[in-house]
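Engineer: Have a look at the structure that comes next, please.
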Amino acid sequence: MVDLLEVGHIDRSHGLRGEVIVTLTTDYTERLATGTVLATDAGPLRVRSSQPYQHRWLVAFEGVASREAADALRGTILRAEPIDDPDALWVHDLVGAEVCTPDGRQWGRVRTVLDNPASPLLELDDGRLVPVVFVVDESDLPERIVVDPPTGLLDDDEA
């Protein structure tokens, strides 16, 4: 069985006809294409229509036709199967990977990946942050990634 990934969540209802405001947590906007089925803890939801709306999405799901029904979906996590893109660097592959520099020094494991406007950040188990743009080799994922940050980014604070 394939593990489903969180791709977004329902923020709130919008209007009187059952539409909701969705925040995507993925760059793949096709996750909200008409006919797409998204998994939730309460069962599947099929997208009837969607359109961009103030940095989020205005979405209508089949079977959700009233404000009350839409209100009941507030906070719902939307999940989908992973997309097969061999050129993509996936968050779920990065978490738990050992972080090394080209000289072979190990800096710890990725605890989580934080969203950041400039570049997503790898948060290491000791709290250090490394922008994803410094990842230079992910061929050993999910075990290990190599980062090549500028001097001083990972160095200890010792004088």
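The values are calculated or read from the model by the stated rules, or taken from the named source; none is laboratory data. Quick caveat: nothing in here was measured; it's all calculated off a predicted structure. No Cβ is skipped: glycine too gets one built from the backbone with ideal geometry, and neighbour counts run over all protein chains shown.
Engineer: Return the total of residues in the stretch 117-136 being free of Cβ contacts under 8 Å to residues at least 40 places away in the same chain, more than 14 Å from Gln106 (Cα to Cα) and not polar (S, T, N, Q).
Structural biologist: Residues that pass the stated criteria total 12.
Engineer: Of the residues Gln106, Gln54, which single one is under 22 Å from the mean Cα position of the chain (by Cα) and modelled with pLDDT of 90 or more?
Structural biologist: Residue meeting the stated conditions: Gln54.
Engineer: Looking at Asp140, Asp155, Asp125, Asp85, which one is closer than 16 Å to Val7 by Cα, outside the structural domain of Leu16 (by TED's automatic domain parsing) and not polar (S, T, N, Q)?
Structural biologist: It is Asp85.
Engineer: Something else now. Which of the following residues is under 26 Å from Ser139 (Cβ atoms) and out of contact with any helix residue (DSSP H, G or I) (no Cβ under 8 Å at 6 or more places or on another chain): Ala97, Ala70, Ala60?
Structural biologist: Of Ala97, Ala70, Ala60, the one residue that is under 26 Å from Ser139 (Cβ atoms) and out of contact with any helix residue (DSSP H, G or I) (no Cβ under 8 Å at 6 or more places or on another chain) is Ala97.
Engineer: Could you figure out which of (1) touching a Phe, Trp or Tyr at 6+ places or on another chain (Cβ under 9 Å); (2) more than 26 Å from Asp115 (Cβ to Cβ); (3) of a type in the set (A, V, I, L, M) isn't true of Val22?
Structural biologist: (2)
Engineer: For the stretch 71-89, how many residues meet the condition of being on the phi < 0 side of the Ramachandran plot, part of a loop (DSSP other than H, G, I, E, B) and surrounded by fewer than 16 Cβ atoms within 10 Å (Cβ to Cβ)?
Structural biologist: Adding up the residues that qualify gives 11.
Engineer: Within the stretch 108-115, is there a residue that is under 30 Å from Ala39 (Cα atoms) and part of a loop (DSSP other than H, G, I, E, B)?
Structural biologist: Scanning the stretch 108-115 turns up at least one residue that is under 30 Å from Ala39 (Cα atoms) and part of a loop (DSSP other than H, G, I, E, B).
Engineer: Let me ask something additional. So, Thr101, is that one modelled with pLDDT of 90 or more and within 26 Å of Asp11 (Cα to Cα) or not?
Structural biologist: Answer is no for this residue.
Engineer: Please find, within the stretch 90-103, the residue that is surrounded by the most Cβ atoms within 10 Å (Cβ to Cβ) out of those that are over 12 Å from the mean Cα position of the chain (by Cα) and charged (D, E, K, R).
Structural biologist: The extreme case among them is Glu98.
Engineer: What number of residues within the stretch 6-40 are in a loop (DSSP other than H, G, I, E, B) and among the hydrophobic types (A, V, I, L, M, F, W, C)?
Structural biologist: 2
Engineer: Using the structure shown, decide if Leu154 is out of contact with any Leu (no Cβ under 8 Å at 6 or more places or on another chain) and part of a strand (DSSP E or B).
Structural biologist: Here the answer is no, as Leu154 does not meet what is asked.
Engineer: Continuing with this model, one more query. Taking the condition of being surrounded by 15 or more Cβ atoms within 10 Å (Cβ to Cβ) and touching a Lys or Arg at 6+ places or on another chain (Cβ under 6 Å), how many residues in the stretch 23-60 meet it?
Structural biologist: 2
Engineer: Taking the condition closer than 30 Å to Ser119 by Cβ and either hydroxyl-bearing (Ser, Thr, Tyr) or touching a helix residue (DSSP H, G or I) at 6+ places or on another chain (Cβ under 7 Å) (or both), does Thr34 pass?
Structural biologist: No, not satisfied.
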